[in-house]
Amino acid sequence: MKSLEIEIKFYIPDIDSIRARIRSLGAEPKSSGFETNIRFDDKEMHLTQEKKLLRLRQDTRCRLTVKSPPEDADTEFKIFRELEVDISNSQTMIAILGQLGFYPRQVYEKQRETYLFNHTELCLDTLPYGHFLEIEGGKDDIRKAAEAIGLPWGKRITANYLSLFATLQKQLNLPFEDVTFENFKQTGIDKSRIHKILEEGVSPL
């Protein structure tokens, strides 16, 4: 059972060139698919206040995940304690969580391609607001993978995708909470404005 998640991510406007670079390094393709995630919280939003995440993810399978920050903060990497279990019926799980006082608060979507490379997992993620590379593994292996791919360490992101969306939501006055492709399509936001905000906000958080 994996209990500690260590990762960083990079904003990559040109996903095709990064994909080609990863493949040229001999990374092994693992999976590819579309994800729908539902974030849950109670009425008082205690999980959000405590920087915890309760998430139900649906892709080729369904998983319930709980993430919580470690006792010691880390400024170089995004580190969370993580517990995850497979769920056979998502609607029943939603009903169970509701009985316990946890309700759907936010939906976010993602297209993900996953590769294995030198003890790390490389995830090419397409979010409704941009493309990213997430690198997960041990700290030294993450550094080596970023260097091999040619990504500058100073451009790494330690914020999660929902935090990045919150920044965009505030600066662009986005009228919705769910991070879906349809919501972004309907707003008609100029992609160059999103790109500018993400480029300016990629320093470690």
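Read-outs: derived from the displayed coordinates by stated rules, not from any lab. Not measured: the values here are computed from a predicted model. All Cβ positions, glycine included, derive from the backbone under ideal geometry; neighbour counts span all protein chains shown.
Summary of values
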quantity	calculated
Potential lengthening between residue 139 and residue 96 on full extension [0.36 nm per residue; Cα-Cα distance subtracted]	11.8 nm
Computed lengthening from residue 111 to residue 155, 0.36 nm per intervening residue step minus Cα-Cα distance	13.6 nm
18 Å Cα-Cα reach of residue 78 towards aspartates and glutamates, excluding residues that sit fewer than 8 places from it in its own chain	5, 7, 50, 121, 125, 134, 136, 140, 141, 147
Cut-off under 5 Å, modelled amide H: who pairs with residue 179 long-range	107, 108, 109
Difference of contour (0.36 nm per residue) and Cα-Cα distance, residue 183 to residue 126	19.0 nm
Percentage relative contact order, the chain, counting C-alpha pairs under 8 Å, at least six apart	27 percent
Principal axes of region 71-152: Cα extent on each, largest first, Å	47, 32, 23
Modelled FRET efficiency - R0 41 Å, residue 83 with residue 15, Cβ distances, 0.05 increments	0.85
Interatomic Cα distance distribution for the chain, bins of 10 angstrom, percent	8, 33, 39, 19, 2
Pairs from 30/185; 9/30; 139/196; 43/185 whose Cα-Cα separation, in the structure shown, is over 27 Å	30/185; 139/196; 43/185
